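Notes for the one structure printed next.
Computed from the coordinates by the stated procedures, all read-outs in this text should not be read as laboratory data. Since the model is a prediction, treat every value here as computed from it, not as a measurement. Note that each Cβ is placed from the backbone with ideal geometry, even for glycine, and that neighbours are counted across all protein chains shown.
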Amino acid sequence: MYMLTWLVLPIMMAYVDSGAFSFKDRLRESCWSNLQFYGYTGAIGLVVVGYIAVTRGVFGADLVAFLMALANFWGLFLVITLMGFGLVSIPRKLWRRGDLGLELTKIENRAMAYKDSAYDSELELAEVVCEAQLVSSRVGATDELRVCVDQILEHCGSRAALDRSPGVAQNNAALAARVPSDISLAYLAGLHNRVKHAVLKEERDRWRWSRAAARAFFLQDAIASRANPSRQLESSLRPWSQWSLARRSAAWWWFIALRPLAYRLLTVAAAVLSVVVLWSELTFNLGASSRLSVVHYLLRTLGLSYFSIELASIVVIAYMSLCAYSSVMKLRIFNIYSLETHHHTNERSLLFCGAYLCRLMFPLCYNFLNMAGGGGVGEQEEVTEFARFMDQIDLVPVLGEQSNRVIPVLIMIPAALAFFNVHGRVMEYFSAERATGSPRGSDDPEDDEDTELGPLCLPREEGRGLLVEARRAAERQQGVADALPGGRRYSPSGSMHSNATNLRTHTAAGTANEPPAPASTRGPREWHLGRPSFDRLLDDCPAPPDA
C-alpha cells in the first residue's frame, strides 16, 4: 500500500501530466520530477529525524515507531477534518436534493459563473490553438519535429482546420513573439502540455454549463407541472417532449410525489448516523466509560449475533468512508484537481484522488476500531491484531496515544464550521455582491454549496435571466417555441398554477398563425450576452491565405 500511494501513483501522475511525445521520454521525465521532489523533502526529513534521534536518543525500533506515529497523526488529522465536514454536508445535501426549488435556485446562483468560465476557457483554448497554427506553419513537412507537431494538432482535433501551409499570416505580434525562432523539442513538449490542459478545461467548463442549463430546463418544467391535472411532466424541449405518456407520468410521480419523500427519509437516516459517529468520536476515549460510545455499545454490549455485528460494522464504516471520501472528491485545488462526471475528469485528478483515498484507509479503519473498543485506546477488554501492530506508536510522546485521544475530539471544529457555514459566510463577505452593494441572490443563507465558486457567484436574478435566454435559444434551435399549441415558455416569476397553465395555453392570440421561428444561427455557446463562439474566436487567429 505504501509503495502504491508514495511511489507508483506519483510516478503515474507525473507521467500523464508530461508533455513529452514518447513513452521513454515521459517515463524519464516523471521519474526525474519525483526524484527531485523526494530528494528535497527527504533531505529536509533526514535533517529533522536526525535532530530528533540525536537530541532524544531515538534509534532503531523507537525511530520506526516515531515515523509510524507521525504518519498516523497526519492521516488521522486528515480523516477527522474531512469526515467532520462530510457528517454535516451529506444530510444537508440530501435534504436540499428533495426540494426542486432549492436545486433550481442553486443552479441559478451558479449559472453566470459557469458561463463565464466556459467563455474564458474558449478564449484560452483559441489562443493556444492559434499558437499551434503558427508553429505548424514554421515547421516544414520534412522537419524531424513534424511528427511532434502532428501530435499537437491531433489533440486540437476538429476545433480548428489547421493548415500546414508555410504562408501563415502572422498578424498577431504578441503570439508571434511567444513562439521562439528556433523551435526545439522542449518547447513543443510544453506546448503539447498546454494544448492538452486547454482542451480538457474547455470541454469540462463547456459541459458544466451545458449540464447546468439542461438540468435547469428540466427543473423548470417539473416545477411548472406540479399542478398539472393530468399528472404528467410536460415540456416544450427535447428529449422530454418526446417521452411516451407512461414515461412522463412516471417522471411526474417520481419527481413531484415520491422523490421528496425518499430524500427526506435518506436525510433522517444520514442525520442519525452523523449524530452516532459524532457522539462516538467524543466519548470512545473516556476509559472505563467508553460504553457511552454508541458504536461500542452496539457492537460489544448489546450481544448481537456475528452476522448482525458484521452488518452494523459495514454500515457505520461505510458511512464514515462516505463522509471522508466525499469531502476529498469535492476538493478543487487551483482548478487542476477536480472530479467531474460523464468522463470529464483528467487522469491526474483521478490519480490524485485515488492516492488520497489509499492514504486515508488505514487511519479511517484505526479510528473505527477505537470507537468500537478494539483499537487499544482506553481500557478495552479486547484488542484486535491491527491494534497490536499499532501499539508500538502509543509509547511515542504527543504523537502516540495522546494524539489518538485528542484528535477525534477536534471533529467538532470542522462539523461546527460546516453547520454554521463559516466558509460560505466568509466567501460571501468578499463576493462581488457585497462589493457593489447588491443583495445576494440565494434565498437560503445557509447554502454552503453556493459558495463553491466563491466571489464568481453573481446574484440569482442574473443567472435566472441567463437561463431564460438560454432556454429561448434552445427552443429557437429546435423550432418548437411557437409551433407547439401549448408552447408558452416557463416564467421564473410566475406562480406554480400559472406555469402549469402556461404549458397548455397558447402564448397569445396572434402567435397561433405565425410560422415557427427559424433555427438560430448562433450556437448554444453564444447564449451569454452575444459572446462569440469558438469558431468566431478562431477567425482572429493567423490563417493561411487560401483558407
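With a ≥ b ≥ c the root eigenvalues of the C-alpha gyration tensor of segment 1-49, is it rounded (a/c under 1.5), prolate (a/b larger than b/c) or oblate? Oblate is the answer for segment 1-49, as a/c is 1.5 or above yet b/c matches or exceeds a/b. Using θ = phi - 60° in the Karplus curve 6.51 cos²θ - 1.76 cosθ + 1.60, the 3J(HN,Hα) couplings for segment 106-122 round to 4, 5, 5, 5, 9, 4, 5, 5, 4, 5, 5, 4, 5, 5, 5, 5, 4 Hz; x is entered for Gly and Pro. Restricting the calculation to alpha carbons of segment 1-98 gives Rg and Dmax of 19.8, 60 angstrom. Counting Lys and Arg as +1 and Asp and Glu as -1 over every other residue whose Cβ lies under 15 Å from the Cβ of Ile80, the net charge comes to +1.
What pairs from Lys24/Lys201; Lys24/Lys196; Lys93/Lys115; Lys201/Lys330; Lys106/Lys196; Lys93/Lys201 go past 22 Å between their alpha carbons?
On the way: Lys24/Lys201 27 Å; Lys24/Lys196 19 Å; Lys93/Lys115 24 Å; Lys201/Lys330 17 Å; Lys106/Lys196 31 Å; Lys93/Lys201 27 Å.
The answer is Lys24/Lys201; Lys93/Lys115; Lys106/Lys196; Lys93/Lys201.
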